[in-house]
Amino acid sequence: MSPKMTGGAARRDHPAWVAPMVLGEVLMALHADALDTPAGLAWFVLGAVLVVVGGMRVFPGVITKVLAWMNAHRGRLTAATAAAVVAALAVWIAAPPAVAYGLVLWFGCEHPTELRVLTAPDDVDTYQDVADAFVRDTAGAGGCPTVHVHVYGVEPATALDAIGVGWQDEQLERHGGRPDVLITGSRVEVDALSADLDGAPGSYPVVGDTRTVAWSPLVLGVPIALADQLHEDRRIMATWHDLLREVRALGIGVARPYPTGSGVGLLAADALLSTAPSGGLVSMDQARGILSWTSTSTKAAGLPLDSAVAMLAAHRASPEAATAVIVPEQALARSNLLASTADGVRRPCIGASAAPNCLLAFYPNDTYRVWHSATPLRWSPGSRAHGAALAFTGWLGGEAGQAALWETGLRTNGQTGSDLLNQRNGMFAGPRTATMRDEPDTKRRAAVVARQLPGRVLIALDASASMRDMATPRSTRMDVATEGVRGAIDRLGENDTVGLWTFSGRGVAEVVPFSPRDGARRLVGERLREVPTGGGTPLYRAVREGVDAVDVSDGARVGALVVLTDGEDTFGDKAADMLAATRDRGVRVFVLAIGETTCGDRVIADLTEQTHGGCATASPASVDNAITALFQQLWG
């Protein structure tokens, strides 16, 4: 065959061998980031072979000429060889990413794994910032995110309860999807949850290993205009008991976040009720006096009985308030940053030019660390979300994650503070950490909860016509509800007062006036037998008037309205009016749904959420357990 014919054959082969060359480039680009795995290396080598063989077939004439030239100029090739190797390496390194970026531009990014991270409402912004850093750190070729993180907030006790029952439809509707990672401040409670779910069926999550990733000390934020009244050494040398006693003697009020049975609310209550020097707790009578003082201080300053972040936001808007606040250091630091940058001008929180709404942090030497722990939850074996959860919790404990947490004002394992935690921002860079305490144990938790204010509880019982319906073959809904009322009264303390109302087509009626627990218990059994049922359901009116009747404006008691109902409002009252009338009243509303109505009802959900109450749906057989759960929330 002549050279001319050979050249013609090469040209005829050209179209067939272009495709293998392009395929080879694509394989090299797709697997350039996976050369550390056998499969990735094999695919990359196959791509390289296709490129080389295809090139030899497509450009045979060029290759023959190159080889002839190299044979004639061997002496001059030595110096050029090194440059060629460098150029080849540059192409090998640069070409696959360039191709990958081109593929992203052409085809777009793959859908990232969805990861849900659940934390306390106060910490949502913090962990969204941290999650954004994780997404950037784990981005793939062309900057494509490999994971999308949704951070949402639920009160810790509510979140643990929801996970403990398998995050059923009721929780899905009210709180959103099942969490893949739980961020909480209590390892004790997570360990208890893990023990409870050990061996549970597949619809319940597998609780992974908990990793403590950061912490923040509980501090007393004192208004900058009043801080000079306290000696400088009190910032780190005093106990909670001594510091609060001095503050009170100076006429400075103290406010705390909403009292809860866990998290910051529990730690703040513990700090208020601690004694010196033993670190025990004050008596029940002393506790009532202290907590009444803080309640009065809160109202006098116009602060909401709410979360730390909400309370600090209100304090920033009232710089003249002569009230200190018990909050985590990180929340105070972030609040001071907002306070000192009003009108776009950055001002310090110390000195003559200090922003007037800054708070100066005091660090009692027996204060608590507010821990931040991350726990992965596996809802189904082999899920991509669980893989992302393990990656995220591992990343939080690594160098990059610790740096991201540190930037938010948390203290981490590798750092002692951040740009937020300095004197200019009202903080103290080096508090005495050796004497700080970890979270209280179960026994102390129970003792703190027991020292809460006495309760004033009103029970509102649905007596509409539907309550005549049979709940079981032998009991009407009214019979079931009556047992629920008795169970509720049995869970009150001896110092609590309770009243009983009914609501029906006849309106809202008082059955038992507010009375001490034991007296009310005797009256309930007698008078409920005489209560007629019938007509519609003035639910919204009962709630509105019930909250008015409980009235805790004097700050001397914990107020709650417990509603037992089997239906929705049928009197035509407006839900919006009822919600407005019950907002910011300090009375928690709890609903026990025993019929068609459920806790998924939007109005009930909004009502219980805005009043820091709760809701439970009960069958005739589970009324007692539901009542117990609701009252645990009330006294928590």
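The values are calculated or read from the model by the stated rules, or taken from the named source; none is laboratory data. Since the model is a prediction, treat every value here as computed from it, not as a measurement. FYI the Cβ positions are ideal-geometry reconstructions off the backbone, even for glycines, and counts take in every protein chain you see. Keep in mind that these areas ignore ligands, DNA and RNA; they rest on the heavy atoms of the full protein, side chains included. Shrake-Rupley method; radii C 1.70, N 1.55, O 1.52, S 1.80 Å.
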For Thr533, which sequence-distant residues (separation of 5 or more, or a different chain) have an amide H within less than 5 Å of its own amide H, given hydrogens modelled in the peptide plane? none
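Please report the antiparallel percentage of the DSSP beta bridges confined to region 179-332, to the nearest 5. Mind dumping the intermediate values first?
Values: 5 of 8 bridges.
Percentage antiparallel, nearest 5: 60.
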Under 4 °C and 1.567 mPa s, how fast does region 161-227 diffuse according to Stokes-Einstein, given a Kirkwood radius computed over C-alpha pairs? Answer in µm²/s, whole number. 89
How large is the accessible surface of Ile350 in square angstrom, using a 1.4 angstrom probe and rounding to the nearest 10? 70
Over region 114-238, what lengths in whole Å, largest first, do the semi-axes of the equivalent ellipsoid take, defined as the square roots of 5 times the eigenvalues of the alpha-carbon gyration tensor? 34, 22, 14
Taking the mean number of other Cβ atoms within 10 Å as a proxy for protection, how do you rank 180-190, 352-362 from highest to lowest? 180-190, 352-362
Quick one: give the max-minus-min coordinate of the C-alpha atoms of region 212-342 along each principal axis, largest first, in Å. 43, 38, 29
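Leaving out ligands and nucleic acids, and using a 1.4 Å probe, what accessible area per residue does region 402-479 come to in Å²?
On the way: 3600 Å² over 78 residues.
Here the per-residue accessible area is 46 Å².
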Can you tell me the order of 135-143, 363-371, 149-157 when each peptide is scored by its average per-residue count of other Cβ atoms within 10 angstrom, highest first? 363-371, 149-157, 135-143
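With the Cα gyration tensor of region 481-576 giving a ≥ b ≥ c as the square roots of its eigenvalues, does the rule (a/c under 1.5 for rounded; else a/b larger than b/c for prolate; else oblate) give rounded, prolate or oblate?
Details: a/c = 2.20, a/b = 1.27, b/c = 1.74.
Oblate shape, in that a/c is at least 1.5 and b/c is the bigger or equal ratio.
Convex hull over the Cα atoms of region 287-402, averaged projected area in nm²? Write down the numbers at each step before the final one.
Working: hull surface 47.3 nm².
Average projection, Cα convex hull of region 287-402: 11.8 nm².
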What are the principal axis extents of the Cα atoms in region 510-557, in Å, biggest first? 37, 29, 9
